[in-house]
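Novice: First the structure, then my questions, so here it is.
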Amino acid sequence: MHKFSIDRGEPINTFVLPFVFTDKVKEAVESIWKNHNPAEHRLILIDNSSEEFEDRKWLEENSHLYVRSYRNLGPAMAFNLGITMAQTEYITIFS
């Protein structure tokens, strides 16, 4: 069972993080989980990169929802996609 399944809680906020360049994404995800409880928050990652990178598996395992697009959606479409998928009262967008 994945650690996110143990205590699903009642989330109040969803973090949406669309990305193309992966150099700081892992650091951002680590910071979210260091400072926020996964039972109270959700994390949606939207992968707009078309390349393979070594941290993809780790990012998939450490997010509630990982969306890998077949092409770069652009920031506005990625933000709107994340907002549409979020089912919480509050949404925090990372740019």
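The values are calculated or read from the model by the stated rules, or taken from the named source; none is laboratory data. Predicted model only: the values in this text are computed from it and were never measured. We place every Cβ from the backbone using ideal geometry, glycine too, and count neighbours over all the protein chains shown. Please note that ligands, DNA and RNA were not included when accessible areas were found on the heavy atoms of the full protein model with its side chains. Shrake-Rupley method; radii C 1.70, N 1.55, O 1.52, S 1.80 Å.
Novice: Quick one: which residues, 5+ away or cross-chain, put their amide H under 5 Å from the amide H of residue 92? H built at 1.01 Å from N.
Specialist: Sorted by chain and number, the residues that satisfy this are 14, 15, 16.
Novice: Each residue of the stretch 9-15 in order: what ³J(HN,Hα) in whole Hz does its phi give by Karplus 6.51 cos²θ - 1.76 cosθ + 1.60, θ = phi - 60°, with x for Gly and Pro?
Specialist: After applying 6.51 cos²θ - 1.76 cosθ + 1.60, I find x, 10, x, 10, 9, 10, 8 Hz.
Novice: Starting from the exponent 0.38 and prefactor 2.2 Å, build the expected Rg for the chain from its residue count and divide its actual Cα Rg by it.
Specialist: Relative to the rule-of-thumb radius for its length, the chain sits at 1.02.
Novice: Then there's this: Roughly how many percent of the accessible protein surface of the stretch 29-95 is carbon and sulfur, given a 1.4 Å probe and a whole-percent answer? It would help to have the intermediate numbers written out before the result.
Specialist: Working: 2080 of 4180 Å².
C and S atoms contribute 50 percent here.
Novice: Could you check the spin-label model distance between residue 35 and residue 55? Points 7 Å from the Cα along Cα→Cβ, value in nm.
Specialist: The two pseudo-label positions are separated by 1.6 nm.
Novice: What number comes out for accessible area per residue over the stretch 29-92 if the probe is 1.4 Å? Units Å², please.
Specialist: On the way: 3910 Å² over 64 residues.
About 61 Å² of surface per residue is accessible.
Novice: For the residue pair residue 65 and residue 28, what label-to-label distance in nm results when each label sits 7 Å from Cα along the Cα-to-beta-carbon direction?
Specialist: Label-label distance for residue 65 and residue 28, simple model: 1.7 nm.
Novice: Among 90, 50, 62, pick out the residue whose Cα is farthest towards the positive end of the charge dipole of the stretch 28-95, where Lys and Arg carry +1 and Asp and Glu carry -1 on C-beta, about the Cα centre.
Specialist: Toward the positive end, the furthest listed residue is 90.
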